[in-house]
Amino acid sequence: MLRTLIYTTFILFQIFFVRLTLATCGYESCHPTKADKLNVHLVPHTHDDVGWLKTVDQYFYGANNSIQHAGVQYILDSVIPQLRDDPNKRFIYVEMAFFYRWWRQQSDEMKKTVKTLVEEGRLEFINGGWCMNDEASTHYNAIIDQMTLGLKFLNDTFGECGRPRVAWHIDPFGHSKEQAALFAQMSYDGFFFGRLDYDDKQKRLKDKRMEEVWQASISLGLEAQLFYGALYNGYGPPGGFCFDAFCDDAPFEDDPNLFDMNVDEKVKKFLKFVKDQASHFKTNHIILTMGSDFQYENANEWYKNMDKLIKYVNAQEETSGVHVLYSTPSCYTYALNKAGVKWTTKQDDFFPYANAPHSFWTGYFTSRPAIKGYVRQTNNFLQVCKQLDVLSGLQTKNAASESMTLKQAMGVAQHHDAVSGTEKQHVANDYAKRLAIGIQNCQNLVSDSLSSIMSKDQKTMPPTSEFCHYLNISICSSTESQKSFTVTVYNPLARSTNSFVRVPVDLLRYTVTDPDGKTVPTQILDVTKETKRVRGNRGSATHELFFPVSAPALGYSTYLVTADSKLVFQPVHDPSSRSSEPSQYTPRQQSNADTIIKNEYMSLSFDGTTGLLKSITDLESRKILPVSQSFFWYNSSSGNNKDNQPSGAYIFRPNQTDAFPLFKDSVQMHIVQGDLVQEIQQQYTPWVSQVIRLFKGQRHAEFEWTVGPIPFKDGLGKEIICRFDTKLATNKTFYTDANGRQILTRVRNHRDTWQYNDTEPVAGNYYPVNSRIFIKDSNLQLTVLNDRSQGGSSMMNGSLELMVHRRMFWDDHYGVGEALNEPGQFGDGLIARGKMYVLVAPPEKSASLHRDLGEKVYMAPWVSFTPMVSDWSKKFNTKYSALKHELPANVHLLTLEHLENNMHLLRLEHQYEKGEDANMSKPVTVSLQGLFAPFEITMAEEVNLGANQFQKDVKRLHWDIVNGSDRKMGSNYEALNDSLDVELQPFQIRTFRIHVKRG
Ligand SMILES: *[C@@H]1O[C@H](CO)[C@@H](O)[C@H](O)[C@H]1NC(C)=O
Ligand SMILES: [Zn+2]
């Protein structure tokens, strides 16, 4: 009996011990290194683009191989057995869009094997978002969502061992400060990337500053501090050591019975390489990226040769002092962390990226403007969809998959060859198609949710909601030729909002009533010639009905629209009906008098001779900004020059320094005067036009541009900009945002950390403008917000420009193999239409204006329609708010998303930087208790920004920095009190898993 007990204990102990020794992931699973040697960390990896030359599914399957041989499924198929058969080996995997596709096809047995590998740290997930996102043209809301999607899949599938420790952006074309700040808040310990400016890199190599600590936010301090490493050799292996089937380097030939023994030669070459590399780094550890694009389809080739590399190099380690090991980016990071070095710091960003004096990767900031606009708009709708899913409480199985399609499509669209515009045309079409399908599915969810909230008894349901995707070109079958319909305006913000609805109609008099049954003022506008041109044969509405709407916080308002019965049968083409039109449509008088449009906040004057904007007056401060605004173009270099570098999908390389104007002497101009909106319609050329609008009660002016098809018959590539010229004393300085959030100071022909060499006067001064750009002096600030990511700059003092569209005819030699020559709807070239939102105010007032407006632009009200039902207001709720009170003006409801059962994800964001505004930048407290109308929060668990770790468990590595404080990072967790008061510091985002009870 005793014997058995002892024996059993022994067995149990053994099992326990075995589990203890093997089941360690994270830093404990790293291979040991040697303190007295140079440790060379071999990191076997594959870089799998989530679409580029082929679509994401073609890459997964290995289809369409005539374009590029690449098949991700085979990579995973081939790597796993290598890892399974040898505990020494390591591999990292990055893109969840692919891993997820592979995982769902595996047998239970294979899944078990993979789990073991993950639990033992042999297969390690790195980065772990749905894709490796672009950093220039992505919005922070979409970055956080796509990371959350991938990290949730990892946690759901592998638990804690699936949590990536390190961020890995080896390919994106420049690196943003906001991205680093976000990664830090997602509890990553390190961040590695491959691309930085060639001069910057030279200096960093010389100064041993390829690795240091990025202080990525003034407001967040240590919370946004992140160790980063710029990789020595991009993300490829050392020359001569690429052992993939794609490579031609000689394998290790080590059999003395055979010819061509090359071990000594190879070892010598390797030692030289690693010693060169090590001379530029601070510690006795270096990292080698052993892999590249879509490599490891036949993993055996790589591993067999790396095994030999390790064997033969380590055989000489006592003499060479070099020790090689299989490793991962986290193991490397951990080794650096323990190396006892004080690290230097960085505060600026890594934009723009140039790899050669005439190769600035600043064209992609604007490439494919329509996709960029579509992605931004879809982010808006995805938030609406996720919110309504939570608010309606429907959450059927269907709902989960209905929003999942769009989450995944958006995840794929953030990839560094997707929203960036650097993919082939057929792949761009594929991204758009995925978004469109995702939107369709989410529309079902939104429609069901709205119906359920609108219905008073859950029996009488309103008609299915309809959505119009072409309102910007006046196409909408739900309103055109309808005598009556409803318009529901859903507001995804946590504050009520006022805006305007503009829908195409065919009649001239409508009665519109608000949710309380009160008649609202309306204005009828003509559909412009320009809109008809863009729309082509896709629609035929002749007029637009325009009226003000307001919607409560996180809720909706329904407006009822009915055509005036007397006029129903009066054809709109009858010119006599025009006389009843309220809007005055006047061609510009041929006189030199200025034209002025004006509302409560601002007045815009237009030059009587040129038809261009002449000044903007801020009526509050009574300050006048003389400003002209117009469109210009740069002639793209064709590459027919000594550097053979044309403008293309990635590269911006204009032939000249001064942009050419796009009009001669004057632009055609029309004025539309009305009570609700006043418009100046300008025609610059047959393919460039603009409408400038002032709305009643709105603080900004709207500039809607329409550009395209860009003419091509002259064979000249063209990059079209919109430019504002003022006399502001800007002293070479302008300001651009990072991913829609932080503001960075830019100085023309200057870099913060190295001597800038002005080889490309224009392209080298271009920066990503994700949401806003501004210039200012002590008196006034001109802020321009955009509706999609664009490139922008200030090429002269007092001037500000945004590139809105580009078309050229040469590949720029960075792999895409196509010219950026988008065909558009009718095959003759893409027409793009977009908006800029312009604010003029004293600098100290500008931050609160552009933060407020920025939020309204990217989280705009979403409009849906239904046919009219009699007694609508009696049958249905015409107004709804899911909040019992609005959130304070500086707090943004960033995420409200269903997780599972009675659990949702909630993110609250303080949307002001420290010191940005005297009032708004103060810390603020929001109580979650009693906040939401449809449910009560019973528990709120704080998680990190990626929602894959509880905040109480966050323990990031602490890095010693020169002149740094010794405070530990991320250890200041405090549980919420009983009333669930959430305090937000400037720019802080706090994420919660909330458990709810519905009443
Ligand atoms: C991660 O997954 C585990 C296991 O399924 C779960 O218990 C945990 O709540 C998840 N963590 C987070 C932060 O969602
Ligand atoms: Zn890539």
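The values are calculated or read from the model by the stated rules, or taken from the named source; none is laboratory data. Values in this document were obtained by computation on a predicted structure and should not be read as measured data. FYI the Cβ positions are ideal-geometry reconstructions off the backbone, even for glycines, and counts take in every protein chain you see.
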Within the stretch 839-848, the residues that are surrounded by fewer than 22 Cβ atoms within 10 Å (Cβ to Cβ) and not in a helix (DSSP H, G or I) are Pro842
Reported set for the stretch 106-125 where residues are of a type in the set (A, V, I, L, M, F, W, C), within 27 Å of Trp52 (Cβ to Cβ) and surrounded by fewer than 24 Cβ atoms within 10 Å (Cβ to Cβ) is Val114
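Mind checking which residues of the stretch 705-722 are over 22 Å from Gln681 (Cα atoms) and crowded, with 24+ Cβ neighbours inside 10 Å? Reasoning before the result, please.
Step one: filter the stretch 705-722 for residues over 22 Å from Gln681 (Cα atoms), giving 712-719.
Correct list: Gly717, Glu719.
Among the candidates Leu931, Leu906, which residue alone is away from ligand 2 (no atom under 16 Å from the Cβ), under 20 Å from the mean Cα position of the chain (by Cα) and under 17 Å from Val390 (Cα atoms)? Give the derivation first.
Working: Leu931 fails: under 20 Å from the mean Cα position of the chain (by Cα).
Sole residue among the options that is away from ligand 2 (no atom under 16 Å from the Cβ), under 20 Å from the mean Cα position of the chain (by Cα) and under 17 Å from Val390 (Cα atoms): Leu906.
Among Asp189, Asp171, Asp145, which is the only one that is assigned by TED's automatic domain parsing to the domain that holds Thr344, touching a Ser or Thr at 6+ places or on another chain (Cβ under 6 Å), among the acidic types (Asp, Glu) and under 29 Å from Trp102 (Cβ atoms)? Give the derivation first.
Working: Asp171 fails: touching a Ser or Thr at 6+ places or on another chain (Cβ under 6 Å); Asp145 fails: touching a Ser or Thr at 6+ places or on another chain (Cβ under 6 Å).
Residue meeting the stated conditions: Asp189.
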Counted residues in the stretch 300-321 being touching a strand residue (DSSP E or B) at 6+ places or on another chain (Cβ under 8 Å) and part of a helix (DSSP H, G or I) come to 8
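If I ask for residues that are within 16 Å of ligand 1 (Cβ to nearest atom) and touching a helix residue (DSSP H, G or I) at 6+ places or on another chain (Cβ under 6 Å), which ones from the stretch 945-962 would you list? Before the answer, list the steps.
Quick first cut of the stretch 945-962, residues within 16 Å of ligand 1 (Cβ to nearest atom) only: 945-956.
Within the stretch 945-962, Leu945, Gly946, Ala947, Asn948 meet the criteria.
What's the total number of residues in the stretch 153-172 that are of a type outside the set (A, V, I, L, M, F, W, C) and more than 13 Å from ligand 1 (Cβ to nearest atom)? Spell out the reasoning first.
As a first pass, look at the stretch 153-172 and keep what is of a type outside the set (A, V, I, L, M, F, W, C): 155-157, 159-160, 162-165, 169, 171-172.
Next, only the ones that are more than 13 Å from ligand 1 (Cβ to nearest atom) stay: 164-165, 169, 171-172.
Qualifying residue count, the stretch 153-172: 5.
Among Glu942, Glu909, Glu936, which is touching a residue at least 12 places away in the same chain (Cβ under 8 Å), of a type in the set (Asp, Glu), more than 16 Å from ligand 1 (Cβ to nearest atom) and surrounded by fewer than 21 Cβ atoms within 10 Å (Cβ to Cβ)? Break it down stepwise before answering.
Values: Glu942 fails: more than 16 Å from ligand 1 (Cβ to nearest atom); Glu909 fails: surrounded by fewer than 21 Cβ atoms within 10 Å (Cβ to Cβ).
On inspection, the qualifying residue turns out to be Glu936.
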Note: among Ile616, Ile692, just one is buried (at least 18 other Cβ atoms within 10 Å of the Cβ), of a type in the set (A, V, I, L, M) and under 22 Å from Glu544 (Cα atoms), namely Ile692
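Quick one: is Asp953 surrounded by fewer than 18 Cβ atoms within 10 Å (Cβ to Cβ), more than 16 Å from ligand 2 (Cβ to nearest atom), closer than 22 Å to Arg495 by Cβ and of a type in the set (Asp, Glu)? Break it down into steps so the answer makes sense when it comes.
Details: surrounded by fewer than 18 Cβ atoms within 10 Å (Cβ to Cβ): yes; more than 16 Å from ligand 2 (Cβ to nearest atom): yes; closer than 22 Å to Arg495 by Cβ: no; of a type in the set (Asp, Glu): yes.
So Asp953 fails the test.
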The stretch 409-514: strands (runs of 3 or more DSSP E) wholly inside it with 1 or more residues that are crowded, with 24+ Cβ neighbours inside 10 Å are 484-491, 497-505
Of (1) within 16 Å of ligand 1 (Cβ to nearest atom); (2) within 27 Å of Ala738 (Cα to Cα); (3) among the aliphatic types (A, V, I, L, M), Val118 satisfies every one except (2)
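On the given criteria, is Tyr735 closer than 25 Å to Leu849 by Cα, within 22 Å of the chain's Cα centre (by Cα) and surrounded by fewer than 24 Cβ atoms within 10 Å (Cβ to Cβ)?
Details: closer than 25 Å to Leu849 by Cα: yes; within 22 Å of the chain's Cα centre (by Cα): yes; surrounded by fewer than 24 Cβ atoms within 10 Å (Cβ to Cβ): yes.
So Tyr735 fits the description; yes.
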